[in-house]
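Q: Take this structure, written in structure tokens, and hold onto it; I'll ask about it next.
The values are calculated or read from the model by the stated rules, or taken from the named source; none is laboratory data. Since the model is a prediction, treat every value here as computed from it, not as a measurement. Here Cβ is always computed from backbone atoms with ideal geometry, including for glycine, and neighbour counts include all displayed protein chains.
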Amino acid sequence: MENEKMYGDMAKAVIDGVPDRARVLAGEALDAGMDPLEAIDKGFKPGMDVVGEGFANGELFIPDLMMSGEAMKTAIATLEPELLKRRQQRDVLGKVVIGTVQGDIHEIGKTLVATMLAANGFEVYDLGVDVSAQQFVDTVREVDADVVGLSALLTTTILNQEEVIANLKEAGLRDKVKVIIGGVPASPEWAEEIGADGYAENATDAVKVVKQLAGV
Ligand code: B12
């Protein structure tokens, strides 16, 4: 019951777009011994979904999305050290290149996935947002990546996930690297359609799928 109240407060901090409040609540969650990923999944992220709906309905605007995004980022940054500490693994399980595809600047989910992969023993190369297909290809070749993760939050930019796969093929790298996709408009069906090797709906599943793909 106590946790339910905290989750509600966390969602509200994101909906209201108050980073300071999000920081305090994330700190309180850690003090209370709450699993940091649970705080994100059950507390802060549902707030983001409410904001997304409000935006889609025309009740909220870009500045609202930005403030909520800042609150979400602040919460994750506060929880990150504990996320990394809890999942610590000694051996390097493999190399993952990750980024948000070209034309898309949504970074929060991608960064969370990157953090969880790093926390679970992967060497992660986070290329950031608005990453061109060529940048993905170059980095995959340069670091000899086992897996590449492509994030896209827009129905328009998921097409660029397909483009990255096409470029990997052209560069002769497709057989050497597994591709996992994610983001709100992505789906297992879309993964199959574009010839990706995997899809995950959230950061926890992303770790499971990447482990499978890397064969560890
Ligand atoms: C915050 C936000 C923004 C912020 C982003 C801030 C930032 N620094 O990232 C700002 C204000 C910049 C923004 C801009 C825009 N946005 Co916006 N945004 C959102 C919002 C509200 C939340 C996204 C978020 O951070 N969620 C929290 C994180 C933790 O969740 P997540 O991103 O889904 O990630 C999880 C999973 O998807 C998955 N995952 C994500 N990436 C990956 C990668 C891999 C490899 C794997 C395996 C898994 C995985 O795991 C993550 C962790 O669990 C969403 C609505 C929503 N409910 O998603 C709209 C939303 C995505 N935005 C939308 C739109 C339309 C826009 C704009 C076009 C608006 C405009 N007119 O300018 C611009 C686009 C700018 C651009 N070129 O990219 C629409 C997209 C609609 C569509 N069908 O395409 C949405 C759905 C809102 C809506 N309902 O209308 N946005």
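Q: Of all residues in region 142-156, which are touching a helix residue (DSSP H, G or I) at 6+ places or on another chain (Cβ under 6 Å) and of a type in the set (S, T, Y)?
A: S151
Q: Which of the numbered conditions does K208 fail, given that it passes all the others? Conditions: (1) touching a residue at least 12 places away in the same chain (Cβ under 8 Å); (2) charged (D, E, K, R); (3) within 14 Å of the ligand (Cβ to nearest atom).
A: (1)
Q: Give, as residue ranges, the strands (runs of 3 or more DSSP E) completely inside region 104-202 that count at least 3 residues that are within 9 Å of the ligand (Cβ to nearest atom) and crowded, with 21+ Cβ neighbours inside 10 Å.
A: 147-151, 178-182
Q: Condition (residue is modelled with pLDDT under 95 and closer than 30 Å to V148 by Cα) applied to region 1-14: is it met by at least one residue?
A: no
Q: Taking region 60-69 as the search range and keeping residues that are surrounded by 15 or more Cβ atoms within 10 Å (Cβ to Cβ) and within 8 Å of the ligand (Cβ to nearest atom), which one is farthest from M116 (Cα to Cα)?
A: L65
Q: Can we say G198 is closer than 18 Å to D126 by Cα, of a type outside the set (F, W, Y) and either touching a residue at least 12 places away in the same chain (Cβ under 8 Å) or out of contact with any helix residue (DSSP H, G or I) (no Cβ under 7 Å at 6 or more places or on another chain) (or both)?
A: So G198 does not fit the description; no.
Q: Now for a different question. Filter region 74-103 down to residues that are part of a helix (DSSP H, G or I) and crowded, with 17+ Cβ neighbours inside 10 Å and give me whichever is nearest to the ligand (Cβ to nearest atom).
A: The extreme case among them is I76.
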